[in-house]
Amino acid sequence: MADIIGLAASAAGGGVFGLLGTVIGRIAGLIERRQENTQEQARWKHEAALVELQMKARASELAGQQSLAQTAGAWQGLASSMAAEAAIGDSYRWVNAVRALTRPLLTLLLWLITGLVYLGAAADARASIIETTTFAATAATLWWFGDRGQRREVR
């Protein structure tokens, strides 16, 4: 009988230690998975931040390219306009007189509109509007009067 009790005690002790080992193994596995998940989440956050920075850099690059394209287009338009004006040449005296009076009247009117827009604009919109109208008025003034002297024919 002592042999049976010893055998039962050995089986029970082995079973308890086996179950205890399984529980410890499962707990260790859970802890390892939590650590792996934490590391994976940290890596994902880092990659997401990196992608966000790359998107911001690309957006900034595209904005710069768009601004450059707009500026280049504006200068090309001005050059084409000046070339078209130069191609007109001389005409009747009264046509030249009307053309000569048109530019000063348009310039005066443009500067008058600029002043009226400034006075009538809301305070928060005033800066943007005045920059645009001042650019237009200055560009028109310099283009209309900048290169309008008498031209001599080259022989």
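In the range 109-126, how many residues are in a helix (DSSP H, G or I) and surrounded by 11 or more Cβ atoms within 10 Å (Cβ to Cβ)?
11
If the requirement is being under 30 Å from ARG99 (Cα atoms), in a helix (DSSP H, G or I) and not aromatic (Phe, Trp, Tyr), which of these qualifies: ALA72, ALA63, ALA49, ALA8? Let's see the steps before the verdict.
Numbers: ALA63 fails: under 30 Å from ARG99 (Cα atoms); ALA49 fails: under 30 Å from ARG99 (Cα atoms); ALA8 fails: under 30 Å from ARG99 (Cα atoms).
Answer to the check: ALA72.
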*Looking only at the range 88-98, which residues are modelled with pLDDT under 75 and assigned to a helix (DSSP H, G or I)?*
ILE88
*Which of the residues spanning the range 68-106 are in the same structural domain as ALA140 (by TED's automatic domain parsing) and under 21 Å from PHE135 (Cα atoms)?*
THR102, ARG103, PRO104, LEU105, LEU106
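The values are calculated or read from the model by the stated rules, or taken from the named source; none is laboratory data. Everything numeric in this text was worked out from a predicted model, so none of it was measured. Positions of Cβ are backbone-derived with ideal geometry, glycine not excepted, and every protein chain shown enters the neighbour counts.
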